[in-house]
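> I have a structure here, written as structure tokens, and I will follow up with some questions on it.
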Amino acid sequence: MHDWTTIIKKTTVADKESGAVNTPIQLSSTFNQTDFDHFGEFDYSRSGNPTRKVAEDAVAALEGAKYGFLYSTGMAAISSVLLTFSQGDHLIVSKYVYGGTFRILEEVLNRFGIDHTFVDLADLDAVRAAIQPNTKAIYIETPSNPILAVTDIPAIVAIAKEKNLLTIADNTFMSPVLQKPLELGVDIVVHSATKFLSGHSDIVAGAAITKDKALADRIYFVQNAVGATLGVTDCWLLLRGMKTLGIRMQQSSSSAQKIAEWLEQQPQVTRVCYPGLPSNSGHDIQLRQAKNGGAVLSFDVGSEANAKIVAENTQIPEFSVSLGGVETILSYPPKMSHAELNEEERAASGITPGLLRFSVGIEDPDDLIADLKQAFAKIK
Ligand SMILES: *Cc1c(COP(=O)(O)O)cnc(C)c1O
């Protein structure tokens, strides 16, 4: 079955009792048991809830897997997956990892003896060199935020398999309709479902997905033990948002391609980061492992002053953090998502003072281009 069909079938699961085509929101913490000796599938909503089950099965199916878990935020999903590791374990992590993932590794998990090394995953020799006797996993995020650096997923998986390591991939930026890491051999996929999966900038949510029963058992154990599960109303909103994932990603990524090609021609723009562009160093790898360049790009307008002019003069995009909504979101990583890094760390990550991130929504791309054009005209 094609993704667009799977999405509708898996997000439209009729209620067995009433026939309601939309899954009911089961606002119940506890479930009546009819048998004194044998409990039913659901007993307490931290451990499992029927609405959450439908949404978890839907995200799993989209990634081509059997086991899905939903959390209160993307960071809850990522933290819970990382908590399946133990004191003394070591992880290799992409140096371009999401800021919240950086923080949980650097300031929380290290206090409990879960160690890590940040590596540029494009450098396969550096990845090999970073493997220690206690290394347990390699953590991938591709394309990365905000410069859209591409990691060769099958190449990392090959190294991991050779050394008996797990691989975890944050698939937030692509969504499962554009990239399926589990089909490329990755063991666990994580998402900030706040972004493209839900798609309407209305909820915060996270997901973890795997094909492997033993890994699923470990992940479920921590999900239930920590309890950072997604509330049922938000599960329903996620199901609702996901119904249009295919069509949203198609519109947003084709617009992003068009806008990136236009940006490359503008004299005010010194650099365009978008793996859908043939000029991008990650382009070939991107097209081998994903359908297209995705819906997020970033571009440099030369200075902070120019970035300010663009942010203040564009009329269509929301100037805000986050991404993946139906509305285009313009953000300024040096002061928003990457404000916690110092200037040196930002420079090392390619986050230059003139860099703006553009998460393309489903508006008409020509309107977005016209809007950028009039804002660029204000740059001296
Ligand atoms: C937003 C984001 C996260 C964190 O998700 P939250 O829902 O904000 O907790 C993790 N990874 C990536 C790539 C993200 O963009």
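The values are calculated or read from the model by the stated rules, or taken from the named source; none is laboratory data. The structure presented is a predicted model; accordingly, all values stated were derived computationally and were not measured. A quick note on method: Cβ atoms are made from the backbone with ideal geometry, for glycine too, and the neighbour counts reach across all protein chains shown. Accessible surface is based on the protein model in full, side chains and every heavy atom, while ligands, DNA and RNA are left aside. Shrake-Rupley method; radii C 1.70, N 1.55, O 1.52, S 1.80 Å.
> Taking the highest mean first, how do the peptides 332-344, 165-177 order by number of other beta carbon atoms within 10 angstrom per residue?
Answer by packing, highest mean first, reads 165-177, 332-344.
> Something else: Work out from phi, with θ = phi - 60° and the Karplus expression 6.51 cos²θ - 1.76 cosθ + 1.60, the ³J(HN,Hα) of each residue of region 318-325, listed in order in whole Hz, and give x for Gly and Pro.
For region 318-325, the Karplus curve yields 6, 8, 6, 7, 6, 6, x, x Hz.
> Nothing charged except the Cβ atoms of Lys and Arg (+1) and of Asp and Glu (-1): what's the magnitude of the dipole of region 3-242 about its Cα centre? Round to the nearest 20 debye.
100 debye
> Taking all pairs of distinct Cα atoms, average 1/r, flip it, and tell me the Kirkwood hydrodynamic radius of region 52-125 in Å to one decimal place.
13.9 Å
> Excluding ligands, DNA and RNA, what is the solvent-accessible area per residue of region 245-376 at a probe of 1.4 Å, expressed in Å²?
Accessible surface, normalised per residue, equals 43 Å².
> Hey, what's region 1-106 come to in accessible area per residue, 1.4 Å probe, Å²?
Dividing the accessible area of region 1-106 by its residue count gives 52 Å².
> If you take the square roots of the eigenvalues of the alpha-carbon gyration tensor of region 198-352 and sort them as a ≥ b ≥ c, do you get rounded (a/c under 1.5), prolate (a/b over b/c) or oblate?
Prolate, since a/c reaches 1.5 and a/b exceeds b/c.
> So what is the 222 nm mean residue ellipticity for the chain from helices alone, if each DSSP H run of at least 4 adds -39500 (n - 2.57) and you divide by all residues, rounding to the nearest 500 deg cm²/dmol?
Result for the chain: -11000 deg cm²/dmol, rounded to the nearest 500.
> Could you tell me the center-to-center distance, by alpha carbons, between region 1-54 and region 332-380 in angstrom?
So the separation of the two Cα centres works out to 42 Å.
> Now a separate question. From the backbone phi of region 109-123, what are the Karplus-calculated ³J(HN,Hα) couplings (6.51 cos²θ - 1.76 cosθ + 1.60, θ = phi - 60°) in whole Hz, Gly and Pro given as x?
The phi angles translate into 5, 5, 5, 10, x, 9, 9, 8, 10, 8, 9, 6, 5, 6, 9 Hz.
> Could I ask something else about it? Mind scanning LYS95/LYS258; LYS53/LYS136; LYS16/LYS213; LYS195/LYS373; LYS53/LYS211 and naming the pairs with a C-alpha gap bigger than 20 Å?
In this structure, LYS95/LYS258; LYS53/LYS136; LYS16/LYS213; LYS195/LYS373 exceed 20 Å between Cα atoms.
> While we're here: Using a simple charge model, +1 on the beta-carbon of Lys and Arg, -1 on the beta-carbon of Asp and Glu, nothing else, what dipole does region 245-376 show about its Cα centre, in debye to the nearest 20?
Computed charge dipole of region 245-376: roughly 300 debye.
> Then there is this: Just the Cα atoms of region 144-253: what Rg and Dmax do they give in Å?
Cα radius of gyration and Dmax of region 144-253 are 15.0, 43 Å respectively.
> What percentage of the solvent-accessible surface of region 3-242, computed with a 1.4 Å probe over protein heavy atoms, is contributed by carbon and sulfur atoms?
The value for region 3-242 is 53 percent carbon and sulfur by accessible area.
> Return, for the Cα atoms of the chain, the radius of gyration and Dmax in Å, separated by a comma.
Taking only Cα atoms of the chain, I get Rg and Dmax of 21.0, 77 Å.
> For HIS116, what residues show an amide H to amide H distance below 5 Å, using hydrogens built from the backbone and excluding near sequence neighbours?
It is LEU91, by chain and number.
> Scan around GLU141 for amide H atoms under 5 Å from its own, H built in the peptide plane at 1.01 Å from N, and keep only partners 5 or more places away or cross-chain.
Excluding prolines and chain starts, which carry no amide H, the hits are SER94, ASP170.
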